[in-house]
1. To the nearest 100 Å², how much accessible surface do chains B and A hide from each other in total, with a 1.4 Å probe?
2. Based on a Kirkwood Rh over C-alpha pairs, give the Stokes-Einstein translational diffusion coefficient of region B:56-209 at 4 °C and viscosity 1.567 mPa s in µm²/s.
3. Translational D (Stokes-Einstein, µm²/s) of the protein assembly as shown at 4 °C and 1.567 mPa s when Rh comes from the Kirkwood sum over C-alpha pairs?
4. Filter the trypsin sites (Lys or Arg not before Pro) in region A:6-102 down to the DSSP loop ones having no more than 15 other Cβ atoms within 10 Å, then list what survives.
5. Do any residues of region A:131-173 lose at least 40 Å² of accessible area when the full set of protein chains is present rather than just their chain alone, and if so which, with a 1.4 Å probe?
6. Would you kindly derive the ³J(HN,Hα) couplings of region A:133-150 from the backbone phi angles with the Karplus curve 6.51 cos²θ - 1.76 cosθ + 1.60 (θ = phi - 60°), listing them in order in whole Hz, with x for Gly and Pro?
7. Counting every Cα pair in region A:1-55, what percent are over 15 Å apart?
8. Quick one: give the max-minus-min coordinate of the C-alpha atoms of region A:139-215 along each principal axis, largest first, in Å.
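The values are calculated or read from the model by the stated rules, or taken from the named source; none is laboratory data. Computed from a prediction, not measured in an experiment: that's the story for all the values here. Neighbour counts run over all protein chains shown; Cβ positions are idealised from the backbone, glycine included. Accessible surface areas use protein heavy atoms only, side chains included; no ligands, DNA or RNA. Shrake-Rupley method; radii C 1.70, N 1.55, O 1.52, S 1.80 Å.
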Number of protein chains: 2
Amino acid sequence: MSHTLGVRQAQKRRTRQALLDAALQLLAEQSLSSLGLREVTRAVGVAPTAFYRHFRDMADLGVALVEEALGSLHTALTALLSATGERAGEDDGEERIAATVELIAAYVRTHPAHVRFIAREQHGGVQAVRAAIGGQLALFAQEVKEQFAREPEAAGWAEDDLLMLAGMYVDHMVMTASALLEAEGDPEAAERVASTARRQLRLVGLGRRHWLDEH
Amino acid sequence: MSHTLGVRQAQKRRTRQALLDAALQLLAEQSLSSLGLREVTRAVGVAPTAFYRHFRDMADLGVALVEEALGSLHTALTALLSATGERAGEDDGEERIAATVELIAAYVRTHPAHVRFIAREQHGGVQAVRAAIGGQLALFAQEVKEQFAREPEAAGWAEDDLLMLAGMYVDHMVMTASALLEAEGDPEAAERVASTARRQLRLVGLGRRHWLDEH
DNA sequence: CCATGCAGTTAACAACTGTTCTCCGAGTTT
DNA sequence: AAACTCGGAGAACAGTTGTTAACTGCATGG
């Protein structure tokens, strides 16, 4: 049951969200370390000082944006893992690959600003935000690893190697999402990126299948 | 023969380089889109207006930095390609892999600021700089592809697939370099990153060797 | 040796920044 | 119904920013 929180608290949450939304939009064409507090409040239509009622500074707002962005991606990722996990071993992975890339593409289409923000600030100029993104992505990798461990193909694999594999998938997902973003508005370019992503996943899958071969 | 360029032109080049160096240093803790022109000239000890004698704006300086950074990396990369290309097929690739990762690590140790700049601005907030980095990396991928095409393992491969493979290697190189940078000062963490990078290269190499297998 | 070119300086500008302190007024609690 | 809480407004602050114009002095080419 969701508490019907009072008029006051609801209004506070609403302007807080407005600040986040405005910041995300403004970050389409600059990076967090150059985004000013006044710039954000002006876009929302609120006094500069109101900012402090919600965030200590822009780095703080940045961390909140990370949670918002990667929270929604986490939902999508969990759905993907359970959906493709069910048909593990059913085919050579070709359908799983297509489904994975399509899910990434769909996410980029519905959350372009979030994707851009994560890609941009993953190595960006604000320490706290970098740390937040890195932590969340490491968590994702951990979940992917645990899903892999549940599948029969993982028999005989070392924990370390499973995590390495999961990390490759997560990194690849972020890179593909970013590349798809750059191809926005150009369906041909987007399909080219998707095709490359699928072939890369195929290559990694091949390596995975032969990982335990003798040499 | 290097023209001993006049006193005047030499001095101009010197302050230009000083501006680039100062900017690169300041970019260790912020991103390009938040770096101010006055900040850079102040660090060099020169009047703000002197900046315009060398660059139109900060984006222009950024593009110059891309050329400086990726120029030096291009030298290192070419050395690696010819060095490992010679012993293609001699072993199972294990030595090539170790040599590749060691070269990346050495480059990160000698050019940390350049690596950080490229990683940060690859998806950063300045369009022109992103384009410059993307272009240079695509060029790298092209060169790697051509090296691969020269090796016997490439027989039967489609051009597209070779470029896809080369792209994976280039992307992986940038990610590894960036990860090594974050592990700076912690030899244990650095070795962990290097180990992961080697295993990832091994995995991709396995996929490569089985790419043309029937299914 | 003199006139020209040009890297760098000085001064000034309007615009903008983050942050403080003070105040208001409406939702909440008692 | 009175007292209190607290999100937001307003004004002011000392600094900062990019860009302009007009200058100075020295290396250069005729």
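1. 3000 Å²
2. My calculation gives 80 µm²/s for D.
3. 55 µm²/s
4. Passing both the DSSP loop test and the Cβ count: A:56, A:87.
5. The answer is A:164, A:168 - residues whose exposure falls by at least 40 Å² when every protein chain is included.
6. Values per residue, Gly and Pro as x: 5, x, x, 5, 5, 4, 5, 4, 4, 4, 5, 4, 4, 5, 5, 4, 4, 6 Hz.
7. Tail of the P(r) past 15 Å holds 49 percent of the pairs.
8. Projected onto the principal axes, the Cα atoms of region A:139-215 cover 44, 30, 18 Å.
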